[in-house]
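Participant: Sharing a structure here in structure tokens format.
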Amino acid sequence: MDTSIDFRLMTEADIPLGMRLKAQAHWNQTEADWRRFLRLQPDGCFVACCDGQDVGTTTVCIFGSVAWIAMVLVDIQHRHRGIGTRLVRYALDFLDRQDVATVRLDATALGRPVYERLGFAAQYDLIRMEVELPDGVSPMSEANAVVQEIEPMRQAGLAAIERWDRLATRTVRGKLLARLIAESTSRAYLTTGPKSFGGYVLSRPGTRAVQMGPAVASDETCGRVLLDRAAADWVGRRVYIDVPTDNRPALRWAEGRGFVCQRSFVRMVRGQPVSDDLQRLWASSGPEMG
Ligand SMILES: CC(C)(COP(=O)(O)OP(=O)(O)OC[C@H]1O[C@@H](n2cnc3c(N)ncnc32)[C@H](O)[C@@H]1OP(=O)(O)O)[C@@H](O)C(=O)NCCC(=O)NCCS
């Protein structure tokens, strides 16, 4: 028999629900992450309710013609009753009413069959690498002189970060990048140097580990410099980085710094495919918005 499910908009009052569900799934998001999803797309974050109980969440973020679906979580007591599928279908119905040509997401092993049934196809894999950066050992490389810190809300820096980001993701993600840079707990670095050489890296604390990324780099030297600079801020801390498996230099960097593979995600697409430049994409923002 079909479970009766209602959907409603998620608001900041639902952040404790989001935190409870993400803790069940052992995910890394913080209240600040939920708040960011809600502020980026206040009309696109939803709660599923079953018999008067809040049992699931999902968030959507639209970047022009490309949208991301994230935070698809169903209470462990209510799984395998079709709630996850109907949540994602509800988000897709919302997106079908907007001018969106492409819907993307990073799927876990549990999520993948749900998305495949709804018309998503796999694009490529990402590996979550994990390390506890040894205390007192700064991994900063000598080439650090070329890297410059961006202060929160420095618009000049944001424009350059957006440019590098667009080259790698082929998506205009300025509204996400601006928020990440503005958050007091985030760190942002951008390279300076010749025009064709450059990139950026952002990082922020999570509940289980620091999430390093998104990161974009023009080449291996630049990527190594940027990631070393970001890692130097988090010595003594547990760090996650989600790396496309096709970016061998990024994986080499992570392995060289002692990161080990924790899990994998598959990036999926529905509608018109968008092809990331995987040689430039050194790390995603987490399994949330590419
Ligand atoms: C992934 C997740 C959201 C799925 O939620 P869900 O409500 O269990 O999803 P559904 O019930 O729609 O589908 C799950 C399975 O139950 C089956 N199912 C659906 N209705 C059913 C019913 N009435 N009776 C029995 N099985 C049913 C589906 O066929 C599906 O099987 P499959 O995985 O073998 O294809 C949930 O497992 C979860 O929160 N996982 C942790 C977080 C996570 O990984 N999220 C996905 C991020 S990409």
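The values are calculated or read from the model by the stated rules, or taken from the named source; none is laboratory data. All values derive from a computational prediction rather than experimental measurement. We place every Cβ from the backbone using ideal geometry, glycine too, and count neighbours over all the protein chains shown. Remember, those area values only see protein heavy atoms, side chains included, never the ligands or the DNA or RNA. Shrake-Rupley method; radii C 1.70, N 1.55, O 1.52, S 1.80 Å.
Participant: What's the angle, to the nearest 10 degrees (0 to 90), between helix 15-24's Cα axis and the longest principal axis of the chain?
Facilitator: Roughly 80 degrees, rounded to the nearest 10.
Participant: Separate question: Between residue 195 and residue 179, what length comes free when the chain is fully extended (0.36 nm per residue of separation minus the Cα-Cα distance, one decimal in nm)?
Facilitator: Working: separation 16, 0.36 × 16 = 5.76 nm, distance 2.54 nm.
Length gained between residue 195 and residue 179: 3.2 nm.
Participant: On average, how much accessible surface per residue is there in the chain, in Å², for a 1.4 Å probe, leaving out ligands, DNA and RNA?
Facilitator: Working: 12290 Å² over 290 residues.
With the other protein chains kept in place, the chain gives 42 Å² per residue.
Participant: Can you give me the angle between helix 220-232 and the longest principal axis of the chain, using Cα atoms only, in degrees from 0 to 90, rounded to the nearest 10?
Facilitator: Approximately 80 degrees, to the nearest ten.
Participant: Pick out, from 180, 284, 24, the residue whose Cα sits farthest towards the positive end of the charge dipole of the chain, with +1 on the Cβ of Lys and Arg and -1 on the Cβ of Asp and Glu.
Facilitator: Checked the options; the winner is 284.
Participant: Residue-wise, which Karplus ³J(HN,Hα) couplings in Hz belong to region 250-266, taking 6.51 cos²θ - 1.76 cosθ + 1.60, θ = phi - 60°, and x for glycine or proline?
Facilitator: 5, 5, 4, 4, 4, 4, x, 8, x, 5, 10, 6, 9, 6, 10, 10, 10
Participant: Please get the size of the charge dipole for the chain, origin at its Cα centre, with Cβ charges of +1 on Lys and Arg and -1 on Asp and Glu, quoted in debye to the nearest 20. Write down the numbers at each step before the final one.
Facilitator: On the way: 37 positive and 35 negative charges, 46 e Å.
Approximately 220 debye in magnitude.
Participant: Hey, another quick one. At 0.36 nm per residue, minus the direct Cα-Cα distance, what do residue 76 and residue 39 gain on full extension? Give it in nm, one decimal, please.
Facilitator: Values: separation 37, 0.36 × 37 = 13.32 nm, distance 2.67 nm.
That pair, residue 76 and residue 39, stretches by 10.6 nm at full extension.
Participant: Over the chain, what is the percentage of antiparallel beta bridges among all DSSP beta bridges, to the nearest 5? Don't skip to the end; give the middle numbers.
Facilitator: Details: 55 of 61 bridges.
Within the chain, antiparallel bridges account for around 90 percent of the total.
Participant: Okay, moving on. Charges only on Cβ, +1 for Lys and Arg, -1 for Asp and Glu: so what's the dipole of region 127-283 about the Cα centre, in debye to the nearest 20?
Facilitator: Working: 23 positive and 18 negative charges, 115 e Å.
That gives a dipole near 560 debye.
Participant: A follow-up question, please. Just how large is the dipole of region 54-105 about the Cα centre, in debye to the nearest 20, putting +1 at every Lys and Arg Cβ and -1 at every Asp and Glu Cβ? Show your work: numbers first, answer last.
Facilitator: Working: 6 positive and 5 negative charges, 36 e Å.
That gives a dipole near 180 debye.
Participant: With unit charges on the beta carbon (Lys/Arg positive, Asp/Glu negative), name the residue among 101, 41, 239 whose Cα is farthest towards the positive pole of the charge dipole of the chain.
Facilitator: 101
Participant: Ok, one more. Taking the highest mean first, how do the peptides 211-219, 197-205 order by number of other beta carbon atoms within 10 angstrom per residue? Can you show the working numbers first?
Facilitator: On the way: 211-219: 25.6, 197-205: 23.9.
Most protected by this proxy first, the peptides run 211-219, 197-205.
Participant: Right, here's the next one. Computed over the Cα atoms, what is the radius of gyration of region 5-100 divided by 2.2 N^0.38 Å, N being its residue count?
Facilitator: Details: Rg = 12.5 Å, N = 96, 2.2 N^0.38 = 12.5 Å.
The reported ratio for this selection is 1.00.
Participant: Also: If I stretch the segment between residue 101 and residue 9 completely, what's the gain in nm (0.36 nm per residue apart, minus their alpha carbon distance), one decimal?
Facilitator: Numbers: separation 92, 0.36 × 92 = 33.12 nm, distance 2.29 nm.
Once the chain is fully extended between residue 101 and residue 9, it gains 30.8 nm.
Participant: Rounded, prolate or oblate: which fits region 127-283, taking a ≥ b ≥ c as square roots of the Cα gyration tensor eigenvalues, rounded meaning a/c under 1.5, else prolate when a/b beats b/c? Each step should come with its number before you reach the end.
Facilitator: Values: a/c = 1.35, a/b = 1.10, b/c = 1.24.
Since a/c stays below 1.5, the shape of region 127-283 is classed as rounded.
Participant: Follow-up. As I understand it, the value is the acute angle between the Cα axis of helix 31-40 and the longest principal axis of the Cα atoms of the chain; what does it come to in degrees, rounded to 10?
Facilitator: Once rounded, one gets 80 degrees.
Participant: From the helices alone, meaning DSSP H stretches of at least four residues, give me the mean residue ellipticity at 222 nm for the chain, per-run term -39500 (n - 2.57), in deg cm²/dmol to the nearest 500. Display every interim value, and only then the final one.
Facilitator: On the way: 8 runs with 86 residues, N = 290.
When only DSSP H runs of four or more count, the value is -9000 deg cm²/dmol.
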